[in-house]
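K.L.:
Pasting in a structure now, in structure tokens, and then I'll have a few things to ask.
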């Protein structure tokens, strides 16, 4: 009787649908553990702070252009803050969005059960676009929803175009992908002669144009924009060109360094020649998967070309940039997904390619690639659970616990962008620090010309600005939070500073190196 019962339970669990439910439940549980132990860093915090401290929606929307952000994810945060929800709600909503994307993928993606399992527990869905609360989770969700609706794009054009509208208004990277998708879609409609006969299709095109126009409008730079964000980089050097193969390796082989600061993957540190030897065959191989499907191949290649252009012209300073590079991998998955909606259109004449890249071989290669991604997740899961991603939370709790959050304590930060991760944990009316670069009290940075001018102050200039700001005021305690220790290996970096300030706390075991924080107190 017991044996029969065990067999019944085993048979029930092994059903395809039940296995899917178990996988989704496991993803949800592990995700909650992950986000509960993840400390948001500055890029996560700053969007929350802008939403929290903007007086109204109009003033909030004006801030978007400064950071090169598009408003959909910031708008979600604006709603959360105005509802009075705590900071953790950002991570929770973000993870729920990723969980929704996972449910869509498991339910509708045309891959094997094993491949689905490996993908959802791979580095990008499980960690990068799940634990780290940024707009890219919406990129994944909308691309998967578009993939689901792709076969119905002619029967439900308004819904399909609205999803492209949402995709375009997620971030600048998926705006590029939305442009590619909408261009292919328009050409398909023209070729089918639908535009001249169906009002819904004309409405769909209007929605797509509106969505792209709205996204471009939000990205339009302000007059006092930080010049670093509007300058295009055409530098033709080996270091600059290495951005392109780095992005490919970051997308397909996000193998971490086995150390605390794992976030910059190991392979992207190689020289240009070494990077090319690895990246070119890898990108070629990814294209071979789609070689017989003309339109999915074009969507993949043109999307990659657009992303490569952004990386090369706008983001050469990021050696890792996994949040950006991962979109190449997501577009690859998306293209494989929609390829099932098309018949083979391109016959490959080379026998060697046909033999080497038969369907069975490609299936094995694809499963192997997903296995590498899934093998990375336990490593990053371990580090994020056992170490601080950012020291912002610990620093805030130290300040609160030791009674430094009051009207008699002057708290200054430099360089301020890296200290914004502290402020979401500080309640009003003390939820602003003195940002030395801007020379005023605020909770978030704005990427304007003042931001640029304040980047390279000496420690003496920092101290002088603090002295001027506190002179004749009622403050009994002055704190300065820095991103580095002013004593290295027992040697004073600045003797004058160390005579005036003493280190009272530091938090230097962080995954993001720039998020280590050092609290100095002005001596009595």
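K.L.:
Per residue, what volume in Å³ does the Cα convex hull of region 392-522 take up?
P.N.:
111
K.L.:
Right, something else. Quick check on the chain: what does the Kirkwood estimate of hydrodynamic radius come out to from the alpha carbon pairs, in Å?
P.N.:
25.2
K.L.:
Continuing with the same structure: Per residue of the chain, what 222 nm ellipticity follows from adding -39500 (n - 2.57) for every DSSP H run with n ≥ 4, rounded to the nearest 500?
P.N.:
Rounded to the nearest 500, the figure is -18000 deg cm²/dmol.
K.L.:
Estimate the FRET efficiency between residue 503 and residue 198 by the formula 1/(1 + (r/R0)^6), using the beta-carbon distance for r and 51 Å for R0, to the nearest 0.05.
P.N.:
Rounded to the nearest 0.05, the efficiency is 0.15.
K.L.:
While we're looking at this one, here's another question. Taking 0.36 nm per residue of sequence separation and subtracting the Cα-Cα distance, how much length would be gained by fully extending the chain between residue 88 and residue 344, in nm to one decimal?
P.N.:
Answer, rounded to one decimal: 87.4 nm.
K.L.:
Can you tell me, using C-alpha contacts under 8 Å and at least 6 residues apart, the relative contact order of the chain as a whole percent?
P.N.:
Relative contact order here is 18 percent.
K.L.:
Evaluate the distance, in nm, between pseudo-label points positioned 7 Å from the Cα of residue 209 and of residue 372 along their respective Cα→Cβ axes.
P.N.:
If labels sit at residue 209 and residue 372, their model points lie 4.4 nm apart.
K.L.:
Something else now. Quick check: from the Cα gyration tensor, does region 68-217 come out rounded (a/c under 1.5), prolate or oblate?
P.N.:
The shape class here is oblate.
K.L.:
What is the gain in length, in nm to one decimal, between residue 477 and residue 183 on full extension, counting 0.36 nm per residue of separation less the C-alpha to C-alpha distance? Spell out each step's value before the answer.
P.N.:
Numbers: separation 294, 0.36 × 294 = 105.84 nm, distance 6.01 nm.
Gain on stretching residue 477 to residue 183: 99.8 nm.
K.L.:
Could you give the length gained on full extension between residue 402 and residue 239, defined as 0.36 nm per residue of separation minus the Cα-Cα distance, in nm?
P.N.:
Numbers: separation 163, 0.36 × 163 = 58.68 nm, distance 4.63 nm.
Between residue 402 and residue 239, full extension yields 54.1 nm more.
K.L.:
Here's another thing I want to ask about it. Which FRET efficiency value, to the nearest 0.05, do you get for residue 36 and residue 151 by plugging their Cβ-Cβ distance into 1/(1 + (r/R0)^6) with R0 = 30 Å?
P.N.:
FRET efficiency, residue 36 to residue 151: 0.20.
K.L.:
Ok, one more. Would you list the P(r) distribution for region 13-148, with all Cα-Cα distances sorted into 5 Å bins from 0 and each bin expressed as a whole %?
P.N.:
2, 10, 19, 20, 17, 13, 9, 6, 3, 1, 0
K.L.:
Determine, for 90, 25, 149, 98, the number of other Cβ atoms within 10 Å of each Cβ, and report the residues in order from fewest to most.
P.N.:
Numbers: 90 24, 25 10, 149 20, 98 28.
Sorted ascending by nearby Cβ count, the order is 25, 149, 90, 98.
K.L.:
Also: For a Förster distance of 35 Å, can you work out the FRET efficiency between the beta-carbons of residue 276 and residue 359, rounded to the nearest 0.05?
P.N.:
On the way: r = 29 Å, r/R0 = 0.83.
The value I calculate is 0.75.
Rule-based calculations on the coordinates, nothing more; no lab input. Just so it is clear, the structure is predicted and the values come from calculations on it, not from any experiment. Virtual Cβ from ideal backbone geometry, glycine too; neighbours counted across all protein chains shown.
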